[in-house]
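Report on the structure given below.
The values are calculated or read from the model by the stated rules, or taken from the named source; none is laboratory data. Quick caveat, the model's predicted, so the values are computed rather than measured. Cβ coordinates were reconstructed from backbone atoms using ideal geometry, including for glycine residues, and neighbour counts include every protein chain displayed. For accessibility, only protein heavy atoms count, side chains too; no ligands or nucleic acids. Shrake-Rupley method; radii C 1.70, N 1.55, O 1.52, S 1.80 Å.
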Amino acid sequence: MSEASRHDAWQAGDNYDLYMGRWSRQIAPRFLDWLDAADQLDWLDVGCGTGALSIAILDRCDPKSLILIDPSEGFLKRARASTADGRATFEVGDAQALPVDTGSKDMIVSGLVLNFVPDKGKALAEMQRVARSRGTVAFYVWDYPGGGVEFMRAFWTAAAALDPHARDLTEDRRFPFCTADGLANLAKSTGLTSVDCIQIEVPTLFKDFEDYWHPFTLGAGPAPGYCSSLGAHARERLREKLYDSLPRGEGGAIPLKARAWAVKGVAG
Ligand SMILES: C[S@@+](CC[C@H](N)C(=O)[O-])C[C@H]1O[C@@H](n2cnc3c(N)ncnc32)[C@H](O)[C@@H]1O
């Protein structure tokens, strides 16, 4: 594990949902509307986490089958509980070596995962291997380089002002390829054709400062992992800096936005 990735903690599903799952759940339906898939297809959700994207697939896409794959047993446990559906099955697995038969799926999708996979080219090649001829491979990641995740950007800006080492942990430094061109080029270089890319933006409205801050203290994800690693004094300084710097709306709410890039292409 690299220095920058040491805080990528993916185990506690409840904590992840409070930090990120609640926003991923808002992106997922918009992403699926854009894919506009036919009914009764065989789906695969790579890096399903706690099930944000899979729940939306089951609700909106009338899948014939859906396999949810994630390396984290903790997240899969939570996904199992939230997607109790006869069409869904669950596998522990890695995007770089999918435990799925070749040419067996119509729709291979992945939400907020690709940037965390060490060999992204291999993951996309695997997604194409398991696709049927003319199947769809599609994914979304946050627009990290464009500062698209405002609640995360605010956190790291405050953290880096207090701790110069935090700058190297920020997602914009770690994932510079998460731009429209970077992602489209990556997709094409792995053999996907008819590649298309759009931006999806959702509001991330925190009802008050505690609603914003609490998820960072729970340790699930890179910024919360960093926050949890701080001593009590450093954490309190960070909390105070954020408290003073965040915008406030009506009733003390914190109105921010999060923007993702969604990419789709055709396999084989
Ligand atoms: C930010 S979460 C996204 C979870 C979920 N798809 C969502 O939209 O909420 C990142 C997920 O990627 C998973 N992950 C990390 N490395 C992976 C890999 N090599 N292969 C597959 N999944 C991976 C993590 O376990 C975690 O569930």
In segment 70-97, what residues are open to solvent by less than 40 Å² (accessible area, probe 1.4 Å), near the ligand (Cβ under 9 Å from one of its atoms) and in a strand (DSSP E or B)? Asp70
Taking segment 98-136 only, how many residues are part of a strand (DSSP E or B) and either farther than 25 Å from Gly221 by Cα or out of contact with any Ser or Thr (no Cβ under 9 Å at 6 or more places or on another chain) (or both)? 10
Test Phe139 against the criterion of being within 16 Å of the ligand (Cβ to nearest atom), over 21 Å from Asp45 (Cα atoms) and either open to solvent by 30 Å² or more (accessible area, probe 1.4 Å) or outside any loop (DSSP other than H, G, I, E, B) (or both), and give yes or no. no
Do we have Leu162 as touching a His at 6+ places or on another chain (Cβ under 8 Å) and either in contact (Cβ under 8 Å) with a residue 40 or more places away in the chain or hydrophobic (A, V, I, L, M, F, W, C) (or both) here? no
Looking only at segment 99-121, filter to residues that are within 13 Å of the ligand (Cβ to nearest atom) and more than 18 Å from the chain's Cα centre (by Cα); which one of those is least open to solvent (accessible area, probe 1.4 Å)? Val100
Can you tell me which residue is least open to solvent (accessible area, probe 1.4 Å) among those in segment 16-43 that are near the ligand (Cβ under 10 Å from one of its atoms) and among the charged types (D, E, K, R)? Asp17
Output the residues belonging to segment 122-136 that are away from the ligand (no atom under 11 Å from the Cβ) and under 18 Å from the mean Cα position of the chain (by Cα). Leu124
Output the number of the condition that Ser65 fails; it satisfies all remaining conditions of (1) of a type in the set (S, T, N, Q); (2) modelled with pLDDT of 95 or more; (3) within 12 Å of the ligand (Cβ to nearest atom); (4) open to solvent by 10 Å² or more (accessible area, probe 1.4 Å). (3)
On the basis of being of a type in the set (Gly, Ala, Ser), in contact with an Asp or Glu (Cβ under 9 Å, 6 or more places away or on another chain), modelled with pLDDT of 95 or more and part of a loop (DSSP other than H, G, I, E, B), does Ala4 make the cut? no
